[in-house]
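Below: the structure, in structure tokens.
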Amino acid sequence: MTEIMQILVVEDEKAVAHMIAMVLGGPAAKVVKARNGWEALIKVGATARPFDVVITDHRMPRMGGLQLVRQLRAQNFGGKILVLSAHLSDEDIRAYEELSVDMMMSKPFDFDELQQAMAVLNKKASVLAQA
């Protein structure tokens, strides 16, 4: 049996975080939620097994997505990173690209798009594991 996928959803809007968790959670995935980047870093540091995927919003109080991704990269986080946002400037997009995020999606998104994105990220992981 394969290990359950560990997903961290970093989103300050409770309803959005809950819906993402409902769509992605289940027997094959455990979803943990954080309200901002600062809380996410605490959860990343406290988990026994590293998260496979971090899904983060861009604009959040206390610590936004860009600062979170910078910190994760500084800690050599090995999982996939998906950025969700309705507000990404060209400068933000370049900054995320320089930090090698795996995917960016615009809000609003539908949940089929989110599930397809997760499938693509999973395939990337398996392709890398075979290389």
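Counted over the range 5-122, the DSSP beta bridges are approximately 5% antiparallel. Normalising the average separation of contacting C-alpha pairs (under 8 angstrom, six or more residues apart) by the number of residues puts the relative contact order of the range 5-122 at 23 percent. Per-residue ellipticity at 222 nm computed for the chain from its helices equals -14000 deg cm²/dmol, with DSSP H segments shorter than 4 residues left out and the rest contributing -39,500 (n - 2.57). Cβ-Cβ distance of Q115 and R49, R₀ of 30 Å, FRET efficiency by 1/(1 + (r/R0)^6): the value works out to about 0.85.
Each of L68, I4, A17 was placed along the dipole of the chain (beta-carbon charges, centred on the mean Cα), and the one lying farthest toward the positive end is I4.
Comparing Cα centroids, the range 67-127 and the range 16-35 end up 16 angstrom apart.
Given Cβ point charges of +1 (Lys, Arg) and -1 (Asp, Glu) and nothing else, what value in debye, to the nearest 20, does the dipole of the range 5-122 about its Cα centre take? Let's see the in-between values first.
On the way: 13 positive and 15 negative charges, 117 e Å.
With Lys and Arg at +1 and Asp and Glu at -1, about 560 debye.
No lab work stands behind these numbers, since they all come straight from the coordinates. No experiment lies behind these values; they were computed from the predicted model shown. Cβ coordinates were reconstructed from backbone atoms using ideal geometry, including for glycine residues, and neighbour counts include every protein chain displayed.
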